[in-house]
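The structure appears right after this line, and notes come after that.
The values are calculated or read from the model by the stated rules, or taken from the named source; none is laboratory data. Being a predicted model, the structure only gives us computed values, none of them experimental. Virtual Cβ from ideal backbone geometry, glycine too; neighbours counted across all protein chains shown.
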Amino acid sequence: MEKKSFRSNGWFGRKGKDGLIYRSWFKKQGIPADELTGKPIIGICNTWSELTPCNSHFRELAECVKRGVFEAGGYPVEFPVMSLGETMIKPTAMLYRNLASMDVEESIRANPMDAVVLLCGCDKTTPSLVMGACSVNLPTIVVSGGPMLTGKFRNRDISTSDVWRFSEEYRTGRMTDEELSLAESGMCRSDGHCAVMGTASTMACMVESLGISLPQNAAIPAPDAARKVMAHISGREIVKMAKENRCLSDLLTREAFENAIMVNAAIGGSTNFVIHLLAIAGRIGVPLDLSDFDTWSAGIPLIANLQPSGKYFMEDLYYAGGLTAVMNQLLPQLHKDCITANGKTIEQNCMNQPNYNESVIAAVNKPFNPISGIVVLKGNLSVDGAVIKPSAASTHLMQHTGKAVV
Ligand code: FES
């Protein structure tokens, strides 16, 4: 159903001084009057920053989104929000997640936009943007920046998580200055965020499994042309979402959250998933608690062979079929009818996605590890619960007797 009157009409569609004041300032940017009324104004919420290297290609990505918005008959307006670069910010980016989400929320609410595209990448930029957008609840789609290409060091695959291993080898004299410098140059060799199933990749998978991005959003490598195509198509889709008034609350149902927990279990996603998903659920008003992670992860095996739980990288996941191929394997368990950003159900998006590489994505009945996901622990050390990712934990530490140092 076509939306008759867009929210932005409250700024640009008014007569006399009340409209003039807004229109004239937009015309100042060379925008003709007919662009401002009768079509949806699409905000592009950009976390580009040279201080967030994982998101440094987002200006180009925003241009791709804009082309899609124009093509579909919307008008795009790009705006900056606080960007959280995981590796740069001290003492930790997590300290500012909620602050960034407030920036996002108020920037969307206060401005003339009918729908919004969230450009997310480095760890906290995804939850902060999604949380802020949930509080306003406009039609919203996420475009992730994508993982970087797999790092290379002396013909070996490496990732940003190898920093700790290299550091130990250097400290014990098993790695020279020259070797360390070579590793440094080969570790982050393209645009994109960390290429393992760390928090950034987990968050990109989270938005795809929640249905608030297009299929394949999570794994397309940042420098792959398919990432730009997906950004362009997301631009088209958000115009459609604005016209149909398909808001975040229409997509983020309780079932969508349960799907995200099951998918996170199957991919061995980060434990940070728990705190961010709970915060997003709180913003959109869906009841969710720690016990849901236990309940909905149970019986879901680890089928994605990705570091740190396994062997491969996000680039390999994309070549193997992407997250949609993982979700295709899980369809019997998932809530298949959840509606996603493109108006199709989870089932319609995933059902025919082949798995091209069983070394990377296993069948559910032949998993890499029957134990997966997030397990919630309770005891006298953590009365309210603590989380562990058993697939990435050393087996010898699964049972331990020792002194508790608090
Ligand atoms: Fe940005 Fe790892 S430092 S995702």
Residue check, P139 in contact with a Leu (Cβ under 9 Å, 6 or more places away or on another chain), touching a residue at least 24 places away in the same chain (Cβ under 8 Å) and under 17 Å from I280 (Cα atoms) = yes
Give the residue that is nearest to S372 (Cα to Cα), with candidates limited to residues of segment 309-321 that are buried (at least 16 other Cβ atoms within 10 Å of the Cβ) and out of contact with any Phe, Trp or Tyr (no Cβ under 7 Å at 6 or more places or on another chain).
-> S309
Of all residues in segment 185-209, how many are without any contact (Cβ under 8 Å) to a residue 40 or more places away in the chain and touching a strand residue (DSSP E or B) at 6+ places or on another chain (Cβ under 7 Å)?
-> 2
Output for segment 74-88, where each listed residue is touching a helix residue (DSSP H, G or I) at 6+ places or on another chain (Cβ under 8 Å) and either away from the ligand (no atom under 16 Å from the Cβ) or in the same structural domain as F12 (by TED's automatic domain parsing) (or both) | G74, Y75, P76, E78, F79, V81
For segment 221-232, does any single residue satisfy the condition of being free of Cβ contacts under 8 Å to residues at least 40 places away in the same chain, of a type in the set (A, V, I, L, M) and either assigned to a loop (DSSP other than H, G, I, E, B) or in contact with a Lys or Arg (Cβ under 8 Å, 6 or more places away or on another chain) (or both)?
-> no
Tell me, yes or no, whether segment 322-330 has at least one residue that is in contact (Cβ under 8 Å) with a residue 60 or more places away in the chain, more than 30 Å from S159 (Cα to Cα), of a type in the set (A, V, I, L, M) and crowded, with 22+ Cβ neighbours inside 10 Å.
-> no
Which residues, counting only those in segment 89-117, are within 16 Å of the ligand (Cβ to nearest atom), small (G, A, S) and in contact with a helix residue (DSSP H, G or I) (Cβ under 6 Å, 6 or more places away or on another chain)?
-> A100
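Output the residues belonging to segment 69-93 that are buried (at least 18 other Cβ atoms within 10 Å of the Cβ), without any contact (Cβ under 8 Å) to a residue 40 or more places away in the chain and closer than 21 Å to S56 by Cβ.
Quick first cut of segment 69-93, residues buried (at least 18 other Cβ atoms within 10 Å of the Cβ) only: 69, 72, 74-78, 81-86, 93.
So of that shortlist, the ones also without any contact (Cβ under 8 Å) to a residue 40 or more places away in the chain come out as 77-78, 85, 93.
Listed by number, the residues that qualify are E78, G85, A93.
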Does G373 satisfy being among the small types (G, A, S), assigned to a loop (DSSP other than H, G, I, E, B) and modelled with pLDDT under 95?
-> yes
Does Q399 meet the test of being part of a loop (DSSP other than H, G, I, E, B) and surrounded by 12 or more Cβ atoms within 10 Å (Cβ to Cβ)?
-> no
If you go through segment 144-164 one residue at a time, do you hit one that is touching a residue at least 12 places away in the same chain (Cβ under 8 Å), touching a Leu at 6+ places or on another chain (Cβ under 7 Å) and buried (at least 20 other Cβ atoms within 10 Å of the Cβ)?
-> yes
Please state which of the following conditions T52 fails to meet, knowing it meets all the rest: (1) over 20 Å from V229 (Cβ atoms); (2) out of contact with any Leu (no Cβ under 8 Å at 6 or more places or on another chain); (3) in the same structural domain as G145 (by TED's automatic domain parsing).
-> (2)
Taking segment 273-298, which residues are crowded, with 19+ Cβ neighbours inside 10 Å, in contact (Cβ under 8 Å) with a residue 60 or more places away in the chain and not hydrophobic (A, V, I, L, M, F, W, C)?
-> H276, R283, S297
Residue within segment 167-186 that is within 16 Å of the ligand (Cβ to nearest atom) and charged (D, E, K, R) present | yes
Has segment 276-284 got at least one residue that is in contact with a strand residue (DSSP E or B) (Cβ under 9 Å, 6 or more places away or on another chain) and either assigned by TED's automatic domain parsing to the domain that holds K66 or within 15 Å of G322 (Cβ to Cβ) (or both)?
-> no
